[in-house]
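Below is one structure, written out as structure tokens, with a few remarks after it.
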Amino acid sequence: MTHVPHGLHEEFPKAAPAISRLKIGDAHFARLAERYERLNREIHRIEADVEPASDETLADLKRLRLRLKDEIAAMLRAAA
């Protein structure tokens, strides 16, 4: 499998310990992180022409990924 860009540890490299800790200790964060990673893989498959999707669908998925990333970032700031 090829490298999928935009993984949480790449998006927040300095927060890697907090990400790991929250994935274990916070069920809501764990669900958000899993949803983010699943969505990120789906976007990557579309961009790599592995999975067909309209431009509008891709744009919607990217907006959702950004909202998830913002919520995750807020939780990481609160945990710091």
Among 19, 24, the single one that is closer than 14 Å to residue 69 by Cα and at pLDDT 95 or above is 19
Residues located in the stretch 1-35, provided they are within 17 Å of residue 78 (Cβ to Cβ) and either out of contact with any helix residue (DSSP H, G or I) (no Cβ under 7 Å at 6 or more places or on another chain) or among the aromatic types (Phe, Trp, Tyr) (or both): 12, 14, 17, 20, 21, 24, 25, 26, 27, 28, 29, 31
Residues located in the stretch 49-73, provided they are in contact with a helix residue (DSSP H, G or I) (Cβ under 7 Å, 6 or more places away or on another chain) and either at pLDDT below 95 or under 21 Å from residue 33 (Cα atoms) (or both): 51, 58, 61, 62, 64, 65, 68, 69, 71, 72
Quickly run through the stretch 22-80 and pick out the residues that are farther than 20 Å from residue 5 by Cα and polar (S, T, N, Q). 54
In the stretch 36-67, residues that are closer than 19 Å to residue 78 by Cα and in contact (Cβ under 8 Å) with a residue 12 or more places away in the chain total 1
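The values are calculated or read from the model by the stated rules, or taken from the named source; none is laboratory data. This is a predicted model, so every value here is computed, not measured. As a convention, Cβ positions derive from the backbone with ideal geometry for all residues, glycine included, and neighbour counts pool all protein chains shown.
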